[in-house]
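Single-structure report; data block below.
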Amino acid sequence: QRGQVLFLATDETWRLRSPYGETYYDAFWHACVRTVARPHSDGRLTLELDAAVRKPGEAVQVTLRIEPDQKAAEPRPETFELFHRTPDGARTARNLQTVTGESGLYRATFALEQPGLHSFLVRRGPSEDAPPLLREDVLVR
């Protein structure tokens, strides 16, 4: 398998620390690592969050796109289940709703109360113990 590579031709990332401290610096590097370290997928699924960092009580919008399979013309379900893992390790099944007029696009918004790292996972099977196919994280602080 081939991975992804990030090439950053600058020595100025330290400027992200001034005057905001670690807020943007950490978010930048977390986003870089998340992008190049994404789990392998079959190329048909894309999971996205509208933010990498949120404050407690703010909401995050989760979007899943399923590219059409040219070989199989199966009907799309109205909802898509994924798992939300909270900072304390609890896992909850969450449903994304189909976006009207957009085939293969699912979206939902979830409020995040607990500080820490929240993960949204698409699993290879229906069990919450199945290995993740896709994962996106949002930091609440």
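Each value in this text was obtained by applying a stated rule to the coordinates, not by laboratory testing. This is a predicted model, so every value here is computed, not measured. Using ideal geometry, Cβ is built from the backbone for each residue, glycine included, and neighbour counts are taken over all protein chains shown.
If you place +1 on the Cβ of every Lys and Arg, -1 on the Cβ of every Asp and Glu, and leave all else neutral, what size is the dipole of the chain about its Cα centre, to the nearest 20 Debye?
Its charge dipole is roughly 160 debye.
Find how much the distance from GLN114 to TRP14 grows on full extension, using 0.36 nm per residue of separation minus their present alpha carbon separation; answer in nm with one decimal.
33.1 nm
Can you give the extra length, in nm with one decimal, that the chain gains between GLU48 and GLU78 once fully stretched, where that is 0.36 nm per residue apart less the Cα-Cα distance?
That pair, GLU48 and GLU78, stretches by 8.9 nm at full extension.
In degrees, nearest 10, range 0 to 90: what is the angle between the Cα axis of helix 22-36 and the longest Cα principal axis of the chain?
Relative to the chain, helix 22-36 is tipped by roughly 40 degrees.
Sorted by average packing, counted as other Cβ atoms within 10 angstrom per residue and highest first, what order do 95-103, 6-14 take?
95-103, 6-14
Taking θ as phi - 60°, what are the ³J(HN,Hα) couplings along region 109-121 by the Karplus curve (6.51, -1.76, 1.60), each to the nearest whole Hz, with x for Gly and Pro?
Computed from phi, the couplings for region 109-121 are 10, 10, 7, 10, 9, 7, x, x, 8, 9, 10, 10, 10 Hz.
For a Förster distance of 25 Å, can you work out the FRET efficiency between the beta-carbons of THR23 and GLU58, rounded to the nearest 0.05?
Result of the calculation: an efficiency of 0.95.
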